[in-house]
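Here's the structure, in structure tokens; my notes come after.
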Amino acid sequence: MNERHFMTKRLVLYIAQEALRKTFTSIAYDVGIDEKLVRLIFQESIKHLDTTTTIKSRCIGIDELYLLNQYRCIITDVEHHQIIDLLRDRHKPTVISYLQHLPDTTKAHIAVVCTDMWASYHDAVHQVLPHSKLVVDKFHVLKLLSGCLEVVRKEIRKSLTDKQRKTLMHDRFLLLRRPHDLDERETLILETWLGNFPRLETAYRLKEGFYTIYEASTEEDALSRYFAWLEQITPEVFDAFVPFTLTIERYGDAIFAYFTHRYTAGYTECLNGQIKLAQRTGRGYSFEVLRAKVLKTGGLQRQPRPAYGMTHSALT
């Protein structure tokens, strides 16, 4: 029997293991105990749980997600598509402390760090991993670019009638999507809006023109395309694109490093959705509980599987 609870050690172990991938309420219903007891057993088990992951990748990702009313920093293995760690916050001292406590051999092995344009991440990498190459994820750049188009759309929207305003609000997704993703009807609607509002058309053409930069094969080619794109910005949309161009100027080295080290944080964005789903599924989780679930659950952490031959021989 377990020394702390009126149940067998085997049942306590079962509850602790199942709580990693199931909600506390469902386990309590299956076993026939109170949900608070399941929560207590799980919290006791994670006190001695090793939630660290050995980093074997040449490229790691550093991003954040809004979790439990606060931004948290998430570290991922970009090459092997698995989570490495979930930090309590995204402040620079926290990220620096985490990177500094990595083994020296691990730090020396990390060649590329893929992240967004959060200055604290860049400062932390420059301080602890000066030999690593910073690469800004292209999706964050394109998201910022879409924001410039949205500024122009909202400014035009102010001069429209109520009916036109509602229509343009619903049609804004057509402006943000790529032309090849639109059907014939959507293309016709988009061309109507662009034909009636030349300023909106200019901003849209600039947005589409920037996408061609990411078709460059080398960093030199990308830079050449970017400077050519800059010359296409007209005075009528200049103010809307100023924040974007200033960001490119500030983080240009890391943004254009993508053309040499073609890594993205697409997996990290997908992982953020799964973590938020885990939070919604089990309401009331503390950060420690959620972190343990995230780092040890089979859905987010890749688990080694035996080869088919090994499994077959074991069964026979």
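Scanning segment 60-70 for residues that are without any contact (Cβ under 8 Å) to a residue 60 or more places away in the chain and farther than 14 Å from Gly273 by Cα, we see that the one that is nearest to the chain's Cα centre (by Cα) is Ile60. In segment 18-32, which residue that is free of Cβ contacts under 8 Å to residues at least 12 places away in the same chain and not in a helix (DSSP H, G or I) is surrounded by the most Cβ atoms within 10 Å (Cβ to Cβ)? Among residues in segment 18-32 that are free of Cβ contacts under 8 Å to residues at least 12 places away in the same chain and not in a helix (DSSP H, G or I), the one surrounded by the most Cβ atoms within 10 Å (Cβ to Cβ) is Lys22. Being over 18 Å from Phe139 (Cα atoms) and among the acidic types (Asp, Glu) holds for only one residue in Asp77, Asp123, and it is Asp123. Comparison of Ile15, Ile84 shows that the only residue that is in the same structural domain as Tyr267 (by TED's automatic domain parsing), in contact (Cβ under 8 Å) with a residue 12 or more places away in the chain and not small (Gly, Ala, Ser) is Ile84. Counting only helices (runs of 4 or more DSSP H) that sit wholly inside segment 74-151, those with at least 2 residues that are in contact with a strand residue (DSSP E or B) (Cβ under 9 Å, 6 or more places away or on another chain) and closer than 19 Å to Leu295 by Cα are 92-100. Going residue by residue through segment 175-186, is there one that turns out to be part of a loop (DSSP other than H, G, I, E, B), within 26 Å of Thr245 (Cα to Cα) and under 29 Å from the mean Cα position of the chain (by Cα)? Checked against the condition, which is being part of a loop (DSSP other than H, G, I, E, B), within 26 Å of Thr245 (Cα to Cα) and under 29 Å from the mean Cα position of the chain (by Cα), segment 175-186 yields at least one hit. Could you please find all residues in segment 123-157 being loosely packed, with under 14 Cβ neighbours inside 10 Å and within 15 Å of Trp193 (Cα to Cα)? Answer for segment 123-157, where residues must be loosely packed, with under 14 Cβ neighbours inside 10 Å and within 15 Å of Trp193 (Cα to Cα): just Lys154. Of the residues Ile55, Ile62, the single one that is surrounded by 14 or more Cβ atoms within 10 Å (Cβ to Cβ) and within 20 Å of Asp89 (Cα to Cα) is Ile62. Sub-8 Å Cβ pairs linking a first residue in segment 33-45 that is in contact (Cβ under 8 Å) with a residue 24 or more places away in the chain and under 16 Å from Arg291 (Cα atoms) to a second residue that is assigned to a helix (DSSP H, G or I) and acidic (Asp, Glu), at least 6 apart or interchain, are Gln43/Glu288, ordered by first then second residue. Residues that are aromatic (Phe, Trp, Tyr) and not in a helix (DSSP H, G or I) within segment 251-273 comprise Tyr251, Tyr263, listed in sequence order.
Taken over segment 97-113, residues that are over 14 Å from Cys59 (Cβ atoms) and surrounded by 15 or more Cβ atoms within 10 Å (Cβ to Cβ) amount to 3. The conditions are (1) closer than 25 Å to Asp116 by Cα; (2) outside any helix (DSSP H, G or I), and Tyr226 fails exactly one of them. Which is it? Condition not satisfied by Tyr226: (2).
What residue, of Glu219, Glu201, is under 27 Å from Leu160 (Cα atoms), acidic (Asp, Glu), in the same structural domain as Pro179 (by TED's automatic domain parsing) and surrounded by 12 or more Cβ atoms within 10 Å (Cβ to Cβ)? Break it down into steps so the answer makes sense when it comes.
Working: Glu219 fails: under 27 Å from Leu160 (Cα atoms).
The match here is Glu201.
Just to verify a result, which residue in segment 46-64, among those that are of a type in the set (A, V, I, L, M) and modelled with pLDDT of 85 or more, is nearest to Val112 (Cα to Cα)? Restricting to residues being of a type in the set (A, V, I, L, M) and modelled with pLDDT of 85 or more, the top hit is Ile60. Looking across Ile248, Ile233, one residue alone is outside any helix (DSSP H, G or I) and of a type in the set (A, V, I, L, M). It is Ile233.
The values are calculated or read from the model by the stated rules, or taken from the named source; none is laboratory data. Everything numeric in this text was worked out from a predicted model, so none of it was measured. A quick note on method: Cβ atoms are made from the backbone with ideal geometry, for glycine too, and the neighbour counts reach across all protein chains shown.
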